[in-house]
Amino acid sequence: NVIDDAELSSAIVPAIVDRDPLVIAVGTEGAAPVLAQGIRSELEADLPPFLGALTKAAGALRERVATSVPAGSSRRAFWRQFFFGGIRDAFAQGKSNFESAVDEALGSAHATPGRVSLVGAGPGDPELLTLKAQRKLREADVIVHDRLIGPSILEYARRDAVRIAAGKEPGKASIAQADINAILIREARRGRQVVRLKGGDPYVFGRG
């Protein structure tokens, strides 16, 4: 079959995710345009619509952050919170929440506090994880997980994230709840993003 010029051009042009001024291009040099379009669709679903506006807000804050937060780990921690943590969540809730979150983060930037997130893994199928659960796993420095959490779900985490198995198994020694709590607090006090990952809904039977 002969591919006409229009089809060839369409196959070579990258699939674009546009969150102006953030732009992501996915291309396969014409080898698999359907794959590129599929990846673009997944990115569209995963990236919130307000990400472009958040990027512009970051640009407007750069000078203030540069004068308020020392360069290095403290500044990286601030921008990480801005784009992937509580400041981003506050931005989605409205201007006043966002401004308060920025002021608070800048005021405590030297402390770089950690955070513990309680995340439910659902019934076990990684495709049924919520978008927020996936994001928390990608952000995590430490993941404390149950025995029934499958490796396919842990694949969402960064390769360098510390994984701590805290599952209970009948007839075998297991970590006490008080010890699990102590691990979460210890790691958060070290300034780390911690995820307590449980199977199903973490609030069933009051465990949450």
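The values are calculated or read from the model by the stated rules, or taken from the named source; none is laboratory data. Keep in mind that what you see is a predicted model, and the values were worked out from it rather than measured. Ideal geometry is used to build each Cβ from the backbone, glycine not excepted, and the neighbour counts take in all protein chains shown. The accessibility values were calculated without ligands, DNA or RNA, using every heavy atom of the protein model including side chains. Shrake-Rupley method; radii C 1.70, N 1.55, O 1.52, S 1.80 Å.
Mean-square fluctuations from a GNM of the chain, with a 10 angstrom spring cutoff on Cα atoms, peak among 30, 171, 86 at 171. Across the chain, the mean sequence separation of Cα contacts (distance under 8 Å, 6 or more residues apart), normalised by length, yields a relative contact order of 18 percent.
Once you reduce the stretch 40-96 and the stretch 137-208 to the center of their Cα atoms, the two points are 26 Å from each other. From the Kirkwood radius over Cα pairs of the chain, Stokes-Einstein at 37 °C and 0.692 mPa s returns a whole-number translational diffusion coefficient of 166 µm²/s.
The stretch 89-208 gives an Rg/Rh value of 1.01, both radii derived from C-alpha positions and Rh following Kirkwood. In this rough spin-label picture, where each label sits 7 Å from Cα along the Cβ direction, the residue 50-residue 34 distance is 3.7 nm. Here the spin labels are modelled as points 7 Å beyond Cα on the Cα-Cβ line, and at residue 127 and residue 96 they lie 4.3 nm apart. Based on protein heavy atoms only, the chain ends up with 60 Å² per residue of surface accessible to a 1.4 Å probe.
Counting only protein heavy atoms and a 1.4 Å probe, tell me what percentage of the stretch 76-200's accessible area is made up of carbon and sulfur.
On the way: 3670 of 6870 Å².
Using a 1.4 Å probe with all protein chains present, the stretch 76-200 comes out at 53 percent carbon and sulfur.
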